[in-house]
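The values are calculated or read from the model by the stated rules, or taken from the named source; none is laboratory data. All figures in this text were calculated on a predicted structure; none of them were measured in a lab. Here the Cβ positions follow ideal geometry from the backbone for every residue, glycine too, while neighbour counts run over all protein chains shown.
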Amino acid sequence: MSDRQTKFWIQSSVFVVVLVWCGVHTYGLWRHDPRQALILVVSTSIFFAIWSCALFARRMSLRRSHEAPHTGRWNATCLAAFALAVSGSAIAFYARFYLITPPQALHSLLGTTIWVSVGILGTATLTAMIGLSSPTAKRGKTFGIAALMIVALMVLASLLLPLAMPIS
């Protein structure tokens, strides 16, 4: 088998394993709480969408690298990581300062908003690491470093902010 076929089979097997895992857990969760099952399906779908976009972007960058010499193009992965870090931070600030004492009806919105921001910041971290490890694109890696610094500041703030709050 060629290297391309090997990569295809590895990616296909990971796809099938994740799909089977999601199916088994969705079936088990559906009997207890259908909302949790839907959350699992949506989360897995988002994972597959991000993975498909990453594979597509890699394929397109490989085509471009074969067509033209490396002319110092921008690192789109680091730019995307920076955009994700900024948006995840904005969602976290919204959850922290505008949903501080939510009524009971907004309590689930607060938890969902926090988990969405954590997911976006985790995706930003992963995307920044991928972008910084790219040997071909030289320009724009500063955005990847900035994205990692934003995520680190958000983690530090989430650890220190409860210490600064007055005890009631």
Item to complete: Filter segment 100-126 down to the residues that are of a type in the set (A, V, I, L, M, F, W, C) and farther than 30 Å from Lys141 by Cα, then identify the one that is modelled with the lowest pLDDT.
Response: Ala105
Item to complete: Would you tally the residues in segment 127-143 being surrounded by 15 or more Cβ atoms within 10 Å (Cβ to Cβ) and either more than 14 Å from the chain's Cα centre (by Cα) or modelled with pLDDT of 90 or more (or both)?
Response: 6
Worksheet, complete the sentence: Of the listed residues (Ser61, Ser43), the one being closer than 30 Å to Gly144 by Cα, among the small types (Gly, Ala, Ser), at pLDDT below 75 and assigned to a helix (DSSP H, G or I) is Ser61
Worksheet item: How many of the residues making up segment 134-145 are over 21 Å from Gly88 (Cβ atoms) and either among the small types (Gly, Ala, Ser) or touching a residue at least 40 places away in the same chain (Cβ under 8 Å) (or both)?
Response: 5
Worksheet entry | Pairs with Cβ under 6 Å, 6+ apart, first in segment 3-21 and of a type in the set (A, V, I, L, M), second surrounded by 10 or more Cβ atoms within 10 Å (Cβ to Cβ) | none
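Would it be correct to say that Arg4 is on the phi < 0 side of the Ramachandran plot, surrounded by fewer than 10 Cβ atoms within 10 Å (Cβ to Cβ), part of a helix (DSSP H, G or I) and modelled with pLDDT of 80 or more? Quick ask: steps written out before the conclusion?
Values: on the phi < 0 side of the Ramachandran plot: yes; surrounded by fewer than 10 Cβ atoms within 10 Å (Cβ to Cβ): yes; part of a helix (DSSP H, G or I): yes; modelled with pLDDT of 80 or more: no.
So Arg4 does not fit the description; no.
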